[in-house]
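One structure below.
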Amino acid sequence: MRVVAPSIGAAAQGAWQSAVKLASLLAPKLPGQLRQQPIAMTPAINLLRQQKITHQVHEYSHDPGAASYGLEAAEKLGLDPQQVFKTLVVQIDGKSLAVAIIPVAAKLGMKQIAKATGGKKAEMADPAAVERSTGYVLGGVSPLGQKRRLPTWIDSSAASLPSIHISAGRRGLEIEIAPDDLAMLTNAGFTALAHWG
């Protein structure tokens, strides 16, 4: 929105413009509110734009001391934690990597992800291997735009939701997307992966 100054002299016009600029800088921002400046692009956001997939990007002020980045995102964006999903990378049978996307308040069922992949045993992947294969830092791993496309499964709870929130590839940045679009882009299947409690 453009603010037009009333018809006044040049000195008063400059003062008016300064006041408008100062007011916009001092305006309170709500938690999770998008900034006025452009959001930095990530491979995940770039992929969504290239594929013309409907999505919304949400940014919040990340606290590096947060115990759970996913729960922090839910709290700061005012979302139900069952709508915010985390991206976990696991190692199957000590060899291959796979991705599990589950609600942030849940724990990953290792037997379930191993079974989904056709393996016998699953464990959390080495952090260095995660960063190497995905191109993202821990706490900001997105299932989209990874360096190496990994076999991916989404917890079945997502299938009944109109949209879910996933990492956009940077801490403090989330993407809201339809679960079916996420499954299509990652070639993922839906299966029960989450353990609650």
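Any read-out appearing in this document is the output of simple, stated calculations on the displayed coordinates, not a laboratory observation. What you see is a predicted model, and the numbers here were worked out from it, not measured in a lab. Counting neighbours? That spans all protein chains shown, and the Cβs are built from the backbone with ideal geometry, glycine included.
A few points about this structure:
- Our estimate of slack between Thr191 and Met124, defined as 0.36 nm per intervening residue step minus the Cα-Cα distance, is 22.3 nm.
- Ranked Tyr69, Tyr136, criterion: other C-beta atoms within 10 Å, fewest first: Tyr69, Tyr136
- Reach of Lys121 by Cα under 13 Å, taken over aspartates and glutamates that are not fewer than 8 positions away in the same chain: Asp93
- Listing Thr191, Thr134 from fewest to most neighbouring C-beta atoms within 10 Å gives Thr191, Thr134.
- In terms of surrounding Cβ atoms within a 10 Å radius of their Cβ, His62, His165 rank from fewest to most as His62, His165.
- Prolate/oblate/rounded call for segment 43-195, Cα gyration tensor, a/c under 1.5 rounded: rounded
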